[in-house]
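Data block below; observations after.
The values are calculated or read from the model by the stated rules, or taken from the named source; none is laboratory data. A quick note: this is a predicted structure, and the numbers were derived from the prediction, not measured. A quick note on method: Cβ atoms are made from the backbone with ideal geometry, for glycine too, and the neighbour counts reach across all protein chains shown.
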Amino acid sequence: MSAHIFNIYIWLLDTIASGKLTKEDIDRRWYSCRYNDEKEEVFHIRKFHRYKAEIQELFDIEIRCNKHDGNYYYISNLDDIKFGTTRKWLLSNFAVQSMIEQSKDIEDSVLFEDMPGDTQYLSSIVHAIRNTQKIQVKYHNFTRNEIYTLCLAPYCLKVFKQRWYVAGEPSTHQGEARIYALDRMSDLKVLDEHYKRLPDWDAKSFFRDFYGVFRNESPVGVRIRVSKRSADYLRNLPLHHSQKEVKQDANGVEFTYFVAPTLDFIQQLRTHGSDLEVLEPAYLVSKFADEAKRLAQIYKI
């Protein structure tokens with residue numbers, strides 16, 4: 001399938017999702033669309049229905065016509081797109097790419113964060129997950145600075161901080177799911193050997209009480225106080241789904257979490273600098289206090 005056809009799919013979905021449009025409305029927009037290479041005055045009906053069917057097959061998104069109220073087209077399962085994480089992520093990325101393609105004349109005025117680039121083995125891992133096949137890779141352990149052969153039953157993929165990770169059960173630790181970064185992998189092979197998932201294993205539950213991808217701490221109650229400025233950021237973009245605002249006074253705003261205080265969570269708290277104070281648990285307070293002392297020594301304060 002060509003990128004051009006993909007862009008038309010996304011354009012069509014974007015157009016129909018924007019409001020109640022009849023076929024004549026879609027035709028008018030198609031006439032000025034940059035993907036209309038032949039400058040067709042209308043979106044030919046056979047091609048229109050073919051693309052509708054292909055969109056449903058590819059994305060599981062159904063475009064219907066309301067013949068009883070103006071013959072307008074709509075997406076019947078729009079809520080699935082809004083709340084279905086994988087489909088929403090895919091469509092978001094394709095839509096952004098489509099927007100970029102249509103905005104070449106202002107590309108210097110639209111700046112994007114780098115997307116995960118370690119996608120060399122992504123399709124192979126997706127294939128292995130779909131068919132419950134094990135994979136074998138060379139894996140670089142940064143901590144011990146060694147490369148070893150890893151045999152893994154892959155369960156799920158996760159993007160975090162612009163990196164791809166795969167969670168699965170390694171042959172060396174059966175009965176336990178672990179997380180591995182794709183950018184540390186080489187020489188990946190999909191094996192003929194199939195696997196069965198651990199009983200009751202669920203990707204959302206696996207990550208529920210964790211901020212990112214580290215799982216070397218147990219979840220606990222965490223309470224922080226932040227400045228009113230930082231509070232606005234946290235309200236708009238919560239650190240974790242367990243975030244609750246519990247108190248606001250002259251000293252700032254307090255939030256609580258039930259989360260594992262792993263390194264990636266702690267690093268995220270540090271980004272708020274002196275605008276954030278850890279109140280609980282006590283050992284985390286001591287950790288931040290010790291770090292503040294070390295920083296004072298570094299800067300000879």
Original post:
List, please: which pairs have Cβ atoms under 9 Å, are six or more places apart or on different chains, and start with a residue in the range 248-271 that is on the phi > 0 side of the Ramachandran plot and end with one that is surrounded by 17 or more Cβ atoms within 10 Å (Cβ to Cβ) and acidic (Asp, Glu)?
Top reply: GLY252/GLU277
**OP:** Take the residues in the range 202-236 that are touching a residue at least 40 places away in the same chain (Cβ under 8 Å) and either among the hydroxyl-bearing types (Ser, Thr, Tyr) or assigned to a helix (DSSP H, G or I) (or both), then tell me which one is nearest to LEU263 (Cα to Cα).
**Re:** TYR211
Subject >> Identity of the residue in the range 53-69, in a helix (DSSP H, G or I) and in contact (Cβ under 8 Å) with a residue 12 or more places away in the chain, that ends up surrounded by the fewest Cβ atoms within 10 Å (Cβ to Cβ) >> reply: LEU58
Original post:
Looking only at the range 179-205, which residues are under 29 Å from GLY221 (Cβ atoms) and modelled with pLDDT of 95 or more?
Top reply: ILE179
Original post:
Only one of (1) free of Cβ contacts under 8 Å to residues at least 12 places away in the same chain; (2) farther than 28 Å from ARG163 by Cα is not met by LEU279, so which one is it?
Top reply: (1)
Subject >> Extreme residue, surrounded by the most Cβ atoms within 10 Å (Cβ to Cβ), among residues of the range 253-263 that are modelled with pLDDT of 95 or more and not in a loop (DSSP other than H, G, I, E, B) >> reply: PHE255
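Can you tell me which residues in the range 2-49 are of a type in the set (A, V, I, L, M), out of contact with any Asp or Glu (no Cβ under 9 Å at 6 or more places or on another chain) and assigned to a helix (DSSP H, G or I)?
ILE8, ILE10, LEU12, LEU13, ILE16, ALA17, ILE26, ILE45
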**OP:** From (1) assigned to a loop (DSSP other than H, G, I, E, B); (2) among the hydrophobic types (A, V, I, L, M, F, W, C); (3) under 20 Å from GLY175 (Cα atoms), pick out the condition that doesn't hold for LEU239.
**Re:** (3)
